[in-house]
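Before any comments, here is the structure.
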Amino acid sequence: MNGKSRRKWKVALFGALLASATAELVHAQAMTMDASGDAGEAGEDAGLQVTVDGRLLPNPGIESSDLSELRVQVRDVAEALNLPVKWDARHHAVIVGDGLYPSMDSMYDDAMGTAVVWNGKLLPADVDPMTMNRAVTVVANSLAKAVDLSYRFDAGLHRIEFLTAEAKEQFAAERTQVENVLNGKGMTPTIAADGTKEFTLTAELHNWAPVEGVMTTAWTFNGQVPGPTIRVKEGDRVRIHFVNKLPEPATIHWHGILVPNVMDGVPGLTQQAVQPGGTFDYEFTASHAGTFMYHSHYDDMTQVGNGMYGAFIIDPAAPLVPASDSGDLTAQTAYDHDYTMLLSGFHVNTTAEEEEDYFTMNGVSYPDTPPMNVKKGETVRIRLINIDTMEVHTMHLHGMDFQSIARNGSPLRSVETMNTVLIGPGETADIALRADAVGQWMFHCHILDHTMNGGDMNMGGPMGEMGGLITILNVTE
Ligand SMILES: [Cu+2]
């Protein structure tokens, strides 16, 4: 062992954490102990969080008493990356991944004490594996460098953050998908000989990043959350070819659209569930103009709760009416901007029974929700769709009133002027406004724990707490 063995270590105990399915660290107590395992006096450290792509690891990190070195359990990091981990007692080594490790004996003769082999490669000496509290720990930033993870220590949150290249790529890849949903841009259909508009929706598990640096496994249509928007005209004949690539059965329900009973997508009632590997063709006529949605109708808390939903917009067959300078805005108005927002969330570090820790507009949380950029005087329609499994939302706009023009797909006979609209799960609300006030105006849910991202509640500072269901209506001259 090297000279570090005499260094004092603060070790956060994690018994309370392991007992808690919520993975909250607030109960974790801290003590100091030296590397030989002797417990010292209790300290005041509430625990050093460790995340991989935003997912909290089961065990806290360990910091040297002079704070110069931060350590993590190698097993936790490997398992978070879905790599198998085993302990090789003969060579006193942690074996991560499935890589080959030829000439083990000569390899380990060179390693002092404990070794870590990661995908067939002996990790370099500065990773410094050390058995502490019956777990093999390694130096966090050295591990990151050795196995190609981005590394950050957030001193304010007291959190070690590892980030994979996949998480960065996913975040970049989904920006266009999110903007297309916001802007109401529908999938391009194939037009059959009889004029039927054909779309394919494939259900599959796919990575998704609700904010930069946080990635979760989502249940998706076509690899995105929300699924791609389907946008057709009133009276159109529509065929949706559904392909199930999930590990469990699924169906699709066309929420609010007046479809034949056999196309309603309720398993065990109107059809057999579509098995993994199976397909089903849904076919119906776009019954009436309005804002609707489609969503899975099988194992709803899992499938809908993790992303299997999308907007279904039916435009009126009659021509839209240009907006006059003073008249009412209605569902028939031709708007300069026509936005769609599906409200939901993800459980990244909370359980399905708890509230989501990342509330999302179109699959992403503030500050990564794209803004609505409009010019002064332009007209704006926002189609709100609440597809959260449990939560109501009270969407509030700063700086301007808006008019409620449609509810649950149907135009309102008289518009109502308001600044906050309440919308329950399964409901839609179309609101409209003239952007007559220049500025950066917040549009957000007024249930205020829906505007925080997981783990950030402790963060100080004027902007630090903002997350979740917030976007900006940016009105320029
Ligand atoms: Cu809310």
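Quick rundown of the values:
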item: Counted residues, region 380-407 - those being open to solvent by less than 30 Å² (accessible area, probe 1.4 Å), closer than 25 Å to Leu320 by Cβ and part of a strand (DSSP E or B); result: 12
item: So Asn349, is it more than 16 Å from the ligand (Cβ to nearest atom) and under 14 Å from the mean Cα position of the chain (by Cα); result: yes
item: Matching residues in region 146-176 - criterion: being over 13 Å from Val72 (Cβ atoms) and in contact with a helix residue (DSSP H, G or I) (Cβ under 8 Å, 6 or more places away or on another chain); result: Asp148, Ser150
item: Of all residues making up region 392-407, the number that are within 16 Å of the ligand (Cβ to nearest atom) and of a type in the set (S, T, N, Q); result: 1
item: Asp449, sole failed condition from (1) among the charged types (D, E, K, R); (2) open to solvent by less than 30 Å² (accessible area, probe 1.4 Å); (3) within 13 Å of the ligand (Cβ to nearest atom); result: (2)
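Per-residue answers, yes or no, for (1) away from the ligand (no atom under 16 Å from the Cβ); (2) out of contact with any Lys or Arg (no Cβ under 6 Å at 6 or more places or on another chain); (3) not aromatic (Phe, Trp, Tyr):
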residue	(1), (2), (3)
Asp328	yes, yes, yes
Ala331	yes, yes, yes
Asp338	yes, no, yes
Asn362	no, yes, yes
Tyr366	no, yes, no
Thr379	yes, no, yes
Met390	no, yes, yes
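The values are calculated or read from the model by the stated rules, or taken from the named source; none is laboratory data. Given the structure is predicted, the values throughout are model-derived calculations rather than measurements. Positions of Cβ are generated from backbone atoms using ideal geometry, with glycine treated the same way; all protein chains shown enter the neighbour counts. Side chains included, ligands, DNA and RNA excluded: accessible areas come from the protein's heavy atoms. Shrake-Rupley method; radii C 1.70, N 1.55, O 1.52, S 1.80 Å.
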